[in-house]
Amino acid sequence: MTLWRFRPDCSRETDAERLARYSFALKRLAEIGLAFAEGLHQEFQAPAVETAAPAAQVQTLPAETPAPAEMQSGVAADDAAAVPPPDRPSRIELARTFDRVARSVRLACMLEDKLIQDFAARAKEAAKEAAEQQVEKERLRRNATRRTVDRVVKEAIQVEAGDQSERNHLLGQLKLRLDQNDIYWDLASKPAEILIAWLFRDLGLDPAWDRWQGKARRG
């Protein structure tokens, strides 16, 4: 029988597949151990073999008087019956074997329980790491989008605004919207071009969109 660890496809197993395989093996070991323990229990409950005849049944005869032939054959038969079969273990040996089997079954159950708990802990940790990576990815994308939107709109303000006072006013409004306006908070889920177009509209700018659209795409 080929052992699992020598199977060529074991290296390509997922964690869930490995968990199922190990769990199945431990369950089978526990089932086999329980079946073996049941057999030991039944054998332990079987009638014990007598090792000697009761003293009341022993008849003493004079040393000089030979026993009748039929009595000699009966005594020989009783002696043969009193000898336990050579392949049957004693009750003490059965109890010791049962104790070892019981410990093996308990160990298999404990290992399976630990295996499931360890797998659940690893899965939880992996999910946590994936969530943290997703949050970091969205943060980086949001920051990149904000930098692009902020740069392009500021350039448009510098070109389109009439004087420095108007530029300062529009720059302040731009910062206010990017920092506090709910429409622009979710910068990671919207393309930079859409946000720039919204800001142009909100700030009252009417630039040549083809010029700034290319800058937004280059980001």
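Quick notes
Residues checked against (1) surrounded by 12 or more Cβ atoms within 10 Å (Cβ to Cβ); (2) within 16 Å of residue 23 (Cα to Cα):
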{"position": "117", "(1), (2)": "no, yes"}
{"position": "120", "(1), (2)": "no, yes"}
{"position": "123", "(1), (2)": "yes, no"}
{"position": "132", "(1), (2)": "no, no"}
{"position": "137", "(1), (2)": "no, no"}
{"position": "141", "(1), (2)": "yes, no"}
{"position": "152", "(1), (2)": "yes, no"}
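- Qualifying residue in segment 163-182 (condition: in a helix (DSSP H, G or I) and within 42 Å of the chain's Cα centre (by Cα)): yes
- Check on residue 111, within 21 Å of residue 35 (Cβ to Cβ), free of Cβ contacts under 8 Å to residues at least 12 places away in the same chain and surrounded by 11 or more Cβ atoms within 10 Å (Cβ to Cβ): no
- Evaluating residue 73 against the criteria (1) at pLDDT below 75; (2) hydroxyl-bearing (Ser, Thr, Tyr); (3) within 30 Å of residue 126 (Cα to Cα); (4) surrounded by 10 or more Cβ atoms within 10 Å (Cβ to Cβ) leaves one unmet condition, (3).
- Put simply, of 174, 203, 187 the only residue that is modelled with pLDDT under 85 and surrounded by 17 or more Cβ atoms within 10 Å (Cβ to Cβ) is 187.
The values are calculated or read from the model by the stated rules, or taken from the named source; none is laboratory data. Everything numeric in this text was worked out from a predicted model, so none of it was measured. Methodologically, a virtual Cβ is constructed for each residue, glycine included, from the backbone with ideal geometry; neighbour enumeration extends over all protein chains shown.
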